[in-house]
Amino acid sequence: TYDISIKLNPKNALAISQKGHAYGLNGDIKKASELYKQALKVNPLLEHAIANYGKILLQEGKNNEAEIYMKSIFEISSNRRLQAEAGQLLGVLSLYKGDFAVAKNYFEKAIAIDKNLASAWVGIAEIEYLTLGKDPINFSNNIIHIFRNIERATQINPNQTTAYLLAGKTLLLVGDKKQARGVLEKAIEKVSEDITLGVAEKESILIEIK
């Protein structure tokens, strides 16, 4: 494991970064951040550390710094999975800014790199949800598109909590409270099994649902 690797070689940047990832998944963002920075001191070009440190910065609300790290991975990484995940997170950052066109472009590019990135499909559905009021004439069709993209996401990852959360919110919007309640209960059930989320993200989702 990473502890053994670090003991054998204290400058094993990948092992240090992997240890940081483990701390991050367990909700210890501070320790994860320290380890990622330590790994990057040893190897500033280590993509595992760059990508995951960018995610930590995003969780800490340091969006401008996070964007720098995500863009470096998105633009130069040879690891297509990391590149796709960086594109998806850049889409999230653009959503935070309210720049839906840029966000959609990032999500679509992420899917073009890795069509099995469930969170990117949810991202496109999220944009469609947030822009429903801008196109009242095509409201019904846009609702269909939202559920279609949510379905794609859950087919790829049945535990994609954010997909169930968005489905529940959309059902509430169209007035189907009974079905919305069932879907949101499913989101609560799935959140503990969703390996794409850290502890802090899971707690935030549970608070939003309640």
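The values are calculated or read from the model by the stated rules, or taken from the named source; none is laboratory data. Fair warning: this is a prediction, and the values are worked out from it, not measured in the lab. Neighbour counts are summed over all protein chains in view; Cβ atoms, including those assigned to glycine, are modelled from backbone coordinates with ideal geometry. All accessible areas refer to the heavy atoms of the entire protein, side chains included, with ligands and DNA or RNA removed. Shrake-Rupley method; radii C 1.70, N 1.55, O 1.52, S 1.80 Å.
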Dividing the alpha-carbon Rg of region 69-147 by 2.2 N^0.38 Å yields what? 1.13
Region 20-126 accessible area per residue, 1.4 Å probe, protein heavy atoms, integer Å², reads 49 Å²
Lysines with Cα under 21 Å of residue 109, excluding same-chain neighbours fewer than 8 positions away: 55, 71, 97
Take residue 11, project a point 7 Å from its Cα along the Cβ direction, then tell me which residues of region 48-71 have their backbone nitrogen under 11 Å from it. none
Leaving out same-chain residues fewer than 8 places away, which lysines sit with a Cα under 23 Å from that of residue 177? 169, 186, 190, 210
Could you estimate the translational diffusion coefficient of the chain from the Stokes-Einstein equation, with Rh from the Kirkwood formula over C-alpha pairs, at 20 °C and 1.002 mPa s, in whole µm²/s? 119 µm²/s
Given axes a ≥ b ≥ c from the Cα gyration tensor, I'd like to know whether region 1-112 is rounded (a/c under 1.5), prolate (a/b larger than b/c) or oblate. prolate
